[in-house]
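Participant: Take this structure, written in structure tokens, and hold onto it; I'll ask about it next.
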Amino acid sequence: MLDIPEIVAANQPPAIAMITQKPGGCSKSFGTQIVVDGAYRSGLDLHIFQNDNQPFYDPYGAVHHTPLPATDEVVHDPIADVRVHSLFDRTLLQAGSTDCLIYDCAAGSLNRHTYIVDQLDLGLRLAAMGRHILILVPTSAREDIARESLETVEVWRDLLPEPHRIVPMISQRDGDIHRLPSGHDLRKLMKIATDGAYLLPRIPMSVLNDIRRSGMKLCDLADPRNPLATAEMARTMGMDPTIVQLMRRAAGTLLSETDEQTMRLGFTLGL
């Protein structure tokens with residue numbers, strides 16, 4: 001069995017939550033949507049940033065598309081990455097105790113995002129504010145993803161010591177995480193995950209993609225107060241009601257299995 005350390009409970013939500021990993025296809029946006037939904041349900045003033053252009057964040061409020069400059073531009077202007085984050089920095093400068101910046105970082109850009117955080121002294125500034133940064137690193141049983149996540153966690157931990165938090169997010173879609181060889185990098189990662197680890201439930205990718213296409217928040221799909229609302233939802237979305245029923249069930253399962261972990265990250269979820 002894989003020993004997954006429980007998330008160390010935070011006494012407040014993060015000022016910044018960044019979801020970052022080197023390879024693509026590792027459930028990064030899946031994890032980001034859960035965190036965005038949790039911040040929304042916690043009544044926070046939510047500011048969503050992303051390098052790519054994922055439309056499923058739109059129901060939660062304003063989304064700031066922040067594409068990273070092309071490589072040749074960075075070669076001629078070494079601080080080009082920092083320049084395009086001026087809105088991110090201004091948002092943080094104006095942030096109060098209820099503001100939360102959530103950043104879905106593009107794959108393959110670890111050195112660029114750490115450079116931005118380092119150059120803007122985000123760790124130092126937030127610690128002085130009595131706030132913290134949360135770094136979430138998706139991982140799985142797939143060997144290359146586990147290997148990259150181990151390095152990613154180590155890099156961020158060196159850059160952001162306490163009170164900042166580095167939490168792996170474990171996807172179960174790439175094989176049985178409880179049947180790993182003794183030297184697997186996911187086992188090594190759990191041993192250095194001093195802030196704990198977040199376990200994502202199994203959700204069929206086809207259903208997850210339908211949820212993303214629906215234009216609805218996870219919490220609205222999962223709302224159990226009217227189980228007979230599926231037909232009306234399907235008409236509104238122009239989708240098959242059978243598929244919508246699967247989406248509602250999956251969203252309910254997703255939140256019921258992650259809400260306790262989300263609360264340990266510091267989100268109150270309306271309490």
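Computed from the coordinates by the stated procedures, all read-outs in this text should not be read as laboratory data. Computed from a predicted structure; not experimentally measured. Heads up, the Cβs are rebuilt from the backbone with ideal geometry, glycines too, and the neighbour counts pull from every protein chain shown.
Participant: If I histogram all Cα-Cα distances within the range 204-264 using bins 5 Å wide from 0, what percent of pairs lands in each bin?
Facilitator: All Cα pairs considered, the percentages come to 4, 19, 32, 25, 12, 6, 2, 0.
Participant: Let me ask you something else. Take every Cα pair under 8 Å in the range 204-264 that's 6+ residues apart, average their separations, divide by the length, and report that relative contact order as a whole percent.
Facilitator: Dividing the mean separation by the residue count of the range 204-264 yields 43 percent.
Participant: Continuing with this model, one more query. Taking the beta-carbon count within 10 Å as an exposure proxy, list Thr98, Thr139 from fewest neighbours to most.
Facilitator: Ascending number of Cβ neighbours within 10 Å: Thr98, Thr139.
Participant: Check Ser42: other-chain or 5+ apart residues with amide H under 5 Å from its amide H, H built from backbone geometry?
Facilitator: So Ser42 has HN proximity to Leu269, Gly270.
Participant: Note down the Stokes-Einstein diffusion coefficient of the range 27-181 in µm²/s, whole number, using a Kirkwood radius over alpha carbon pairs, 37 °C, and 0.692 mPa s.
Facilitator: Rounded to a whole number, D works out at 196 µm²/s.
Participant: How large is the convex hull of the C-alpha atoms of the range 167-254 per residue, in Å³?
Facilitator: Enclosed volume per residue, from the Cα hull, is 109 Å³.
Participant: What are the trypsin sites (Lys or Arg not before Pro) within the range 153-196 that DSSP puts in a loop, where the Cβ has at most 13 other Cβ atoms within 10 Å?
Facilitator: Sparse-neighbourhood loop trypsin sites (Lys or Arg not before Pro): Arg179.
Participant: Continuing with this model, one more query. Take the alpha carbon atoms of the range 100-135, find their center, do the same for the range 198-239, and report the distance between the two centers in whole angstrom.
Facilitator: That distance is 31 Å.
Participant: Calculate the radius of gyration of the Cα atoms of the range 89-241 to one decimal place, then report Dmax, the largest Cα-Cα distance, as a whole number, both in Å.
Facilitator: Both quantities, over Cα of the range 89-241: 19.1, 52 Å.
Participant: Something else now. Taking only C-alpha pairs under 8 Å that are 6+ residues apart, what is the relative contact order of the chain in percent?
Facilitator: Over the chain, the number comes to 29 percent.
Participant: Would you calculate a helix-derived [θ] at 222 nm for the chain, using -39,500 (n - 2.57) for each DSSP H run of n ≥ 4 and dividing by the full residue count, to the nearest 500?
Facilitator: Value at 222 nm, helices only: -13000 deg cm²/dmol.
Participant: Right, here's the next one. Working from the alpha-carbon coordinates of the range 14-117, get Rg over Rh, Rh being the Kirkwood radius.
Facilitator: 0.96
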